[in-house]
Each structure stands twice: as structure tokens, then as C-alpha cells.
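Here the structure comes first, spelled out in C-alpha cells, and everything after it is commentary.
The values are calculated or read from the model by the stated rules, or taken from the named source; none is laboratory data. What you see is a predicted model; the values in this text were computed from it and never measured. A quick note on method: Cβ atoms are made from the backbone with ideal geometry, for glycine too, and the neighbour counts reach across all protein chains shown. With ligands, DNA and RNA removed, areas are computed over all heavy atoms of the protein, side chains included. Shrake-Rupley method; radii C 1.70, N 1.55, O 1.52, S 1.80 Å.
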Amino acid sequence: MSGLIGKKLGMTSIFDAAGNHVAVTVIEVEPNVVTQIKTEDADGYTALQLSAFDKKEKNTTKALQGHFAKANTSPKRYVVEFRDFLPEGVNLGDVLNIEDVFTEGTAVNVVGTSKGKGFQGVVKRHGFSGVGGRTHGQHNRQRAPGSIGQASDPSRVFKGIRMAGRTGNERVKQKNSVIVKILSDSNLLLIRGSVPGPVGRVVQIHNRA
């Protein structure tokens, strides 16, 4: 599946060709460098390894420095493999720009890491409504989970029961987001609606298969 690496810059709004006011997410997609080509004969599958956003050489391991040197490029911070994506004529060290992969008006899938919200209770995490009102002495049960199982039979809590725990900070795929506008001069991609993750977080933009 073809795609590129980008970085979420934030949200804004624009007017489309029909004059509609559209909320969009701005994603910076700087030229992605091809740092490895995997083929069916050598690796058992076809894929293109892309890298983006420069990284200091002193913070890069010797092994990775040699890996990037093979592609004749500087060390990169993010390395992503796009399976079944092997454009004709692409070579190690080539650069892919936005217009090489995407076109305006097409649907894409955006993969990112959602915002982390820490340890949360069942009301915020799962939308529970609490045990009940404050009458009849229920002074501290407004956000409680309530019963989590039976007593002597089965004498345990079943796996998968919805309880309090860490919320967010998970891999999320936002499907069927539409590319509203491509600003090639600024390496910017405007996608309708929101995409996963906070501002500054890296995302993967995949052409919908």
C-alpha cells in the first residue's frame, strides 16, 4: 500500500472549490527518502522503506549511520516500511514527494498514535454513568464501576471486563479521510477533519487499498 511519512502540525479551515467551509488537518510531508527496497526474491515480500525528518548523527547508532549511508542520505528520525509499494523505476536513495504519491480529492487512511490520557476511571474510559444518585447514602458512588462479576460461582472476574486503566496512547487508523488540498511548495497536505495524535506527532498516510 503506497504512502508517505508526515508530521501533524495542527488544524485550520479553508473554503473548497464549491465554497464550503471545511475543517482540515495540516500535515507536513517533507520529501521521503527510499532507504531500503525489499523484493520477493530476496525478502519474501515487496516493500519500500521510507525515512523522513533529519536526525543528529551523534544520536544515531553506527549501524543506522551505515544503513543511511548506503542510500546516500543523512540520518533520519522516522523509518517506516510500506508493504506492496514498489513504484516502477524507483532506486535506493530516491526521493518521493507528495505529488508523486497523492492527488487531491482522493481518500486516504491516516495511521498515528492517539493522545495519551493516563490512568482513567470507567466513566471517562468507557462512558459508564456511575452507580446512581446521591440519595440513600450513596455519597461516593457517582463514578464507581459497580459490580464486576458474580460471587462464589464462578469465583473470578472474566477476562475483558471493562475497568479503569490507561487510556489513549494507542495506534489508531483513521479511515477514508479525504485530501482537500496539496501545497507542494510548502510540503503541506490538508486532510478533511481530524487525524489521530497530538500536534507534532508523526503519522503515516496510506493510499486506500
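Worth a mention:
- Residues that are modelled with pLDDT under 95 and in contact with a helix residue (DSSP H, G or I) (Cβ under 6 Å, 6 or more places away or on another chain) do occur in region 145-152.
- Inter-residue pairs, beta-carbon under 6 Å, first under 14 Å from SER147 (Cα atoms) and in region 120-135, second part of a helix (DSSP H, G or I) and open to solvent by less than 90 Å² (accessible area, probe 1.4 Å), 6+ apart: PHE128/VAL122
- Residue, nearest to the chain's Cα centre (by Cα), within region 76-93, restricted to residues that are more than 24 Å from ASN59 (Cα to Cα) and open to solvent by 30 Å² or more (accessible area, probe 1.4 Å): ARG83
- All positions within region 33-68 that are among the hydrophobic types (A, V, I, L, M, F, W, C) and either exposed (fewer than 11 other Cβ atoms within 10 Å of the Cβ) or assigned to a strand (DSSP E or B) (or both): VAL33, VAL34, ILE37, ALA42, ALA47, LEU48, LEU50, ALA52, PHE53, ALA63
- Which numbered condition MET11 misses (of (1) outside any loop (DSSP other than H, G, I, E, B); (2) open to solvent by less than 60 Å² (accessible area, probe 1.4 Å); (3) closer than 21 Å to VAL199 by Cβ): (2)
- Spans of strands (runs of 3 or more DSSP E) in region 116-209 with at least 3 residues surrounded by 11 or more Cβ atoms within 10 Å (Cβ to Cβ) and not aliphatic (A, V, I, L, M): 165-167, 171-183, 202-207
- Within region 16-28, if we keep just the residues that are at pLDDT below 95 and surrounded by 12 or more Cβ atoms within 10 Å (Cβ to Cβ), the residue that is nearest to VAL90 (Cα to Cα) turns out to be ASP16.
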